[in-house]
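Q: One structure coming up, written as structure tokens, with questions to follow.
The values are calculated or read from the model by the stated rules, or taken from the named source; none is laboratory data. Computed from a prediction, not measured in an experiment: that's the story for all the values here. Note that we place each Cβ from the backbone using ideal geometry, even for glycine, and neighbour counts take in every protein chain shown.
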Amino acid sequence: MSIPKSELILNPDGSIYHLGLLPAEVANTIITVGDPERVTQIATQLDQVLVDRTRREFHTVTGRLGNKGLTIISTGIGTDNIDIVLNELDALFNINLIDRKPKKQRTQLTFVRLGTSGAIRSEIPIDSLLISRYAIGLDGLLHYYKAADVRLSEIENQCNRLPSCYAVAGDEDLHQSFASLGPAGITLTANGFYAPQSRKLTLAPKIDIINEVREIIHAGLKVTNLEMETAGIYGLAQLLDHRAISINAILANRVTGAFSSQPQKTIQSMITRSLEIIERL
């Protein structure tokens, strides 16, 4: 059965609806970032740029890093955009856009998130890098998918009062590849930046999210940091049979109240060190 036009939406030029990309314009190793400007920052280190496309908040550059094809794409902030990006990138590889039918032979993609994050433990240094071994999602995205096979009940059972909790794992092989960058932890993916991450400006949070997760432990790891995309990436990547890992530049410590005095230097270090590993994948 062909996928209806209302479900698989294409632009007049045949490109996928939100991203504006054609199948030949994407590599099977993909870096995701939240900030569109970070795409340009990473792209300066490519040896060759073949595609540079901006549509909505999605900025995509595809090129070559040495002999390796690489795509860099900005997702914007939040797992609502992750839902669009991962599904549409998968479609570019694994659905024939002409007859609208899934391909019999699937292509596995590799996703590397290079993002910023805030630590929730005082011992995690500002300007360090942290690898998300597991992620807890408070955004609700995976509840809309048949995802029981990829969810980790051992973590979810510890969530207590956390709303819409689901837990998922990053790819083990990718974790080993990037392990030299920093320690592993459990990342909390929030569905907002202020009250959903227990920040108070003029409105008070209803739940102290940071205290709620401090005692959660799995495989010897505790919840270490907060951000807004990782759990969605991990969940959808597993459901679509892709690989994913999330690298976090720790710019804030929510316990000590500190923020990095050199955020761009820390982000650049994460990019440079990660690209050295990605080129060898």
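Q: Could you tell me which numbered condition Glu215 fails, if it satisfies all but one of (1) outside any strand (DSSP E or B); (2) in contact with a strand residue (DSSP E or B) (Cβ under 9 Å, 6 or more places away or on another chain); (3) closer than 30 Å to Thr272 by Cα?
A: Of the numbered conditions (1) outside any strand (DSSP E or B); (2) in contact with a strand residue (DSSP E or B) (Cβ under 9 Å, 6 or more places away or on another chain); (3) closer than 30 Å to Thr272 by Cα, the odd one out for Glu215 is (3).
Q: Pairs, please: C-beta under 6 Å, at least 6 apart or cross-chain, first residue assigned to a loop (DSSP other than H, G, I, E, B) and in region 267-281, second modelled with pLDDT of 95 or more and buried (at least 16 other Cβ atoms within 10 Å of the Cβ)?
A: From residues that are assigned to a loop (DSSP other than H, G, I, E, B), the pairs are Glu279/Leu65; Glu279/Lys68.
Q: How about region 73-188: which helices (runs of 4 or more DSSP H) wholly inside it have at least 2 residues that are touching a residue at least 24 places away in the same chain (Cβ under 8 Å) and surrounded by fewer than 20 Cβ atoms within 10 Å (Cβ to Cβ)?
A: Those helices (runs of 4 or more DSSP H) span 79-94, 172-178.
Q: Which of the residues belonging to region 8-40 are assigned to a loop (DSSP other than H, G, I, E, B), touching an Asp or Glu at 6+ places or on another chain (Cβ under 8 Å) and of a type in the set (A, V, I, L, M)?
A: Of everything in region 8-40, those that are assigned to a loop (DSSP other than H, G, I, E, B), touching an Asp or Glu at 6+ places or on another chain (Cβ under 8 Å) and of a type in the set (A, V, I, L, M) turn out to be Leu19, Leu21, Leu22.
Q: For the structure I just gave you, tell me whether Leu70 is buried (at least 21 other Cβ atoms within 10 Å of the Cβ), part of a strand (DSSP E or B) and of a type in the set (A, V, I, L, M, F, W, C).
A: yes
Q: Which one of Ile42, Ile31 is within 18 Å of the chain's Cα centre (by Cα), closer than 25 Å to Asp241 by Cβ and buried (at least 16 other Cβ atoms within 10 Å of the Cβ)?
A: Criteria check complete, one pass: Ile31.
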